[in-house]
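The values are calculated or read from the model by the stated rules, or taken from the named source; none is laboratory data. Computed from a predicted structure; not experimentally measured. Here the Cβ positions follow ideal geometry from the backbone for every residue, glycine too, while neighbour counts run over all protein chains shown. Please note that ligands, DNA and RNA were not included when accessible areas were found on the heavy atoms of the full protein model with its side chains. Shrake-Rupley method; radii C 1.70, N 1.55, O 1.52, S 1.80 Å.
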Amino acid sequence: MKKVFLLILITLFTFLFSSLLIGQNISGSAHDFSSDSWNTTGQICIVCHTTHNSDVTVANAPLWNHQSTAATFTPYSSASIHASTGDPDASSKLCLSCHDGTVAVDNFGSQTTGTQFITGSSLIGTDLNDDHPVSFTYDQALATNDGGLFDRLEYCLLL
Amino acid sequence: MRIKILIVFILANIVSAQSIVNSVHNLSVSGSGTVIATSEDEICIFCHTPHNSSPRQPLWNRSDPALNYTLYISSTAQAVPGQPSGSSILCLSCHDGTIALGNVLSLPSPISFTGGITTMPLGDANLSQDLSDDHPISFIYNSTLAGQDGELVDPLTLTGPVLLENEQLQCTSCHDAHSDVNGNFLVLTNQYSNLCVTCHDKTYWLSTSHRNSTATWNGTLPDPWFHTTFNTVAENGCENCHDPHSAADHERTMNYYDEENNCVNCHNGNVATQDVQTDILKPYAHNVYGYDHVHDPDENNLVNLRHVECQDCHNPHAARNSTATAPNANGYLEEVKGIDTNGNTVDPIQYEFELCYRCHADSPDKPGSPTIRQIGQDNVRLEFDVLNPSFHPIEGAGTNSNVPSLISPLNESSIIYCTDCHASDGAGSSAGPHGSFNPHILKYNYETADYTPESYLAYELCYQCHDRNTIINENGNSFQQDVHFKHIVEEDAPCNSCHDPHGINSGQVTTSDHTHLINFDTNIVFSVSGNLQFIDDGIFHGTCYLRCHFRGHNPRSY
């Protein structure tokens with residue numbers, strides 16, 4: 001039994017490390033705002049993260065440095081869905097703090113009067129009814145209930 | 001150890017997943033079908049997008065097709081299909097063949113496919129914009145409809161896997177685009193018509209041979225089951241005759257356009273034991289090949305426009321292999337409509353003759369009588385009336401209590417079928433009046449021409465029931481000698497010259513002249529001094545006024 005769990009752990013770590021080694025990092029990506037004129041610091045991480053006095057509006061936010069959205073969202077709904085979708089929370093809420101279009105991208109640090117709003121295909125908006133659902137509990141019970149979803153054990157093995 | 005087994009099981013489950021990945025709905029470059037993208041490796045993208053979907057559910061990534069479809073229509077359907085709606089539109093955004101498979105909302109240019117494929121290639125998966133040859137969709141299926149139709153289950157009992165969408169039947173009621181475990185992405189296997197009978201509750205279906213027969217195909221073309229993988233009649237069930245998509249005959253989605261081909265491609269000796277097709281192709285037949293789409297299952301019991309199809313006499317949803325005693329209809333004639341002895345409609349028939357009366361009684365377009373007689377009558381319902389002075393015992397026992405020629409077990413109280421005389425000829429042929437080398441679809445030879453030398457074969461039909469030796473015994477009583485032997489053997493007169501084999505309607509006679517089926521063929525028997533008459537003088541005695549073979553009886557008694 002222990003051997004089995006060890007096998008799973010090794011598999012997971014192998015995946016994670018190989019991902020880091022071959023993966024692209026944020027530098028140079030669309031999320032690298034270090035060269036944008038509105039980011040006078042020239043830093044990459046600062047638009048989202050800070051080392052001290054981080055924002056805790058969203059529980060367990062990872063050293064958050066960006067204004068959080070206060071918008072009211074319309075969640076995804078469907079006659080065939082078994083998941084219960086509510087207001088976005090956790091990391092999804094942090095993503096939407098730029099991608100819902102209500103908070104300026106440059107509202108980080110103490111800035112609240114930014115002017116850089118997301119447009120185009122990156123703009124999700126506050127109407128999440130045309131987007132894949134987020135912020136719902138995805139557990140074995142849901143997988144069983146739905147019948148067309150992997151449960152967590154299967155999912156781990158699939159990695 | 002147990003965990004190991006569990007993991008092996010789970011892995012195997014994933015690898016052989018009955019998911020979209022291994023189905024032809026995987027249009028990505030990793031797909032196993034013939035219609036796949038050249039390089040796109042996302043599977044879901046052809047239908048779904050995580051953002052900015054339209055329609056929003058189910059995160060749809062394709063444009064809607066134009067709603068100008070030709071809809072299904074049928075004289076026997078109570079459902080009213082509208083232009084496709086709900087999920088059916090989504091399916092048709094590929095399957096009507098009008099929109100390129102690679103046109104997705106989330107990409108600025110279409111995904112390219114191997115072989116230069118753009119829209120759905122022609123074939124089974126391309127339904128076209130003509131939906132009149134497909135099972136109807138996008139109609140309200142509620143308890144009211146089930147009540148009106150009478151042969152549909154109440155949809156309130158549908159708890160899956162067949163489900164409706166807002167009370168409407170849609171493509172998704174039968175198909176699950178994500179799972180091909182049952183073939184054709186069906187939500188339930190249609191082996192033994194399991195899927196069809198979820199909704200269709202055809203009267204008598206449970207007992208019909210078309211549901212229960214284990215007969216197999218002998219491999220001689222044509223393949224009667226060209227659109228299934230099943231191997232017996234029972235397994236094919238509804239699909240023995242019906243094709244739910246792109247059906248050759250649109251109305252009622254039949255496998256073949258010509259009605260009879262839906263039947264004869266099994267009833268030709270290749271599946272069913274009896275070769276009905278060979279009988280129907282004989283020179284005298286209920287020629288189902290002679291009519292196309294004149295018959296309608298919704299037509300009146302009384303046939304106004306002359307035609308014949310297998311379905312006029314047989315109900316393929318009910319027919320079964322079972323015998324009966326005259327005059328009761330047997331299982332092959334289960335649940336068919338007819339006309340009763342009083343000319344009223346009956347549905348279903350109880351007696352076999354009620355089926356024949358649909359066309360051969362009061363029908364305005366019925367075939368005429370082949371023999372010109374002193375009392376003419378084409379309406380066989382009137383000829384067989386039990387109140388007639390004489391008739392062959394079809395509706396009830398005959399009037400003559402002295403018929404010594406009858407061969408046991410027949411006797412004076414016996415009742416026979418129309419099909420005892422009118423039936424396919426030859427040993428081993430199919431029962432019933434399908435076809436014969438004998439005129440009038442007679443089961444045996446029956447000569448009607450004057451000056452026919454008597455032989456067993458000449459009147460083979462009559463001699464099946466009436467013993468030849470008794471009829472023409474030259475050493476018998478005076479009746480046998482003077483009447484039958486003299487006329488049939490010595491004068492070569494056919495039985496038909498004096499006897500009317502059906503009967504003489506009581507409404508056309510005022511005397512007892514027409515007992516013993518006496519109704520002279522006026523092309524053979526003529527009047528004498530203006531008088532053509534038979535007078536019944538009691539048992540084995542009579543008097544005739546007639547002229548025949550250049551001799552006059554004016555009168556002559558026996």
Taking the alpha-carbon centroid of each part, what is the distance from segment B:165-208 to segment B:365-435 in angstrom?
47 Å
What accessible area per residue, rounded to a whole number of Å², is obtained for segment B:272-330 using a probe radius of 1.4 Å?
52 Å²
In debye, nearest 20, what is the charge dipole magnitude of the protein assembly as shown about its Cα centre with +1 on Lys and Arg Cβ and -1 on Asp and Glu Cβ, if you could check?
1820 debye
In square angstrom, what is the accessible area per residue of segment A:69-159 with a 1.4 angstrom probe?
55 Å²
Which residues qualify? For residue B:186, with a placed amide H closer than 5 Å and at least 5 residues away or on another chain, they are B:176
Quick one: 3J(HN,Hα) in Hz for segment B:331-345, Karplus 6.51/-1.76/1.60 with θ = phi - 60°, rounded, Gly and Pro as x.
x, 5, 10, 4, 6, 10, 8, x, 10, 8, 4, 9, x, 8, 6
For chain B, what relative contact order do you get, as a whole percent, if you take Cα pairs closer than 8 Å and at least 6 residues apart?
8 percent
Cβ-Cβ cut-off under 10 Å around residue B:425, Lys and Arg +1, Asp and Glu -1: the net charge is 0
Please average, across the residues of A:126-133, the number of beta carbons from any other chain that are within 10 Å of each residue's own beta carbon, and give a whole number.
4
Net charge dipole size for chain B [Lys, Arg +1 and Asp, Glu -1 on Cβ; Debye, nearest 20]:
900 debye
Heavy-atom accessible surface that B and A bury in contact, both chains counted, 1.4 Å, Å² to 100:
1500 Å²
With a 1.4 Å probe and all protein chains left in place, how much accessible area per residue does segment B:73-117 have, in Å²?
42 Å²
Quote the relative contact order of segment B:389-557 in percent (integer), defining contacts as alpha-carbon pairs under 8 Å separated by 6+ residues.
17 percent
Relative contact order for segment B:467-558, counting Cα pairs under 8 Å that sit 6 or more residues apart, in percent
20 percent
Enumerate the amide H contacts of residue B:542 below 5 Å, restricted to partners 5 or more residues apart or on another chain; note that Pro and chain-start residues carry no placed amide H.
B:537, B:558
Cα centroid separation, segment B:282-303 to segment B:316-352 (Å):
17 Å
Please tell me which of these pairs span more than 22 angstrom C-alpha to C-alpha: B:443/B:486; B:282/B:443; B:337/B:366?
B:443/B:486
Report, in degrees rounded to the nearest 10, the 0 to 90 angle that the Cα long axis of helix B:2-15 makes with the longest principal axis of chain B.
70 degrees
How large a share of the accessible area of the protein assembly as shown, in percent, is made up of carbon and sulfur atoms when the probe is 1.4 Å and the other protein chains stay in place?
56 percent
Top to bottom by accessible area (1.4 Å), largest first, where do B:199, B:47 land?
B:47, B:199
I'd like the Karplus ³J(HN,Hα) series for segment B:427-439: coefficients 6.51, -1.76, 1.60, θ = phi - 60°, whole numbers in Hz, and an x wherever there's a Gly or Pro.
5, x, 6, 5, 5, x, x, 6, x, 8, 7, 8, x
Residue among B:432, B:107, B:505 farthest towards the positive dipole end of chain B, charges placed on Cβ:
B:107
Listed residues B:364, B:388, B:45: farthest to the positive end of the dipole of the protein assembly as shown (Cβ charges):
B:45
Going by the alpha-carbon gyration tensor, a ≥ b ≥ c the square roots of its eigenvalues, is segment B:434-509 rounded (a/c under 1.5) or, if a/c is not under 1.5, prolate (a/b greater than b/c) versus oblate?
oblate
Once phi is turned into ³J(HN,Hα) by the Karplus curve 6.51 cos²θ - 1.76 cosθ + 1.60 with θ = phi - 60°, what whole-Hz value does each residue of segment B:90-99 show in order, with x for glycine and proline?
4, 4, 6, 5, 10, 7, 8, x, 9, 10
Quick one: what do you get for the protein assembly as shown if you divide its Cα Rg by 2.2 N^0.38 Å?
1.50
Semi-axes of the equivalent ellipsoid for segment B:145-234, Cα gyration tensor, largest first, Å
26, 19, 10
Amide H within-cut-off set for residue B:113, under 5 Å, with H built and near neighbours excluded
B:38
In segment B:28-59, the residues losing 50 Å² or more of accessible area (1.4 Å probe, heavy atoms of protein chains only) relative to their chain alone are B:51, B:52, B:56, B:57, B:59
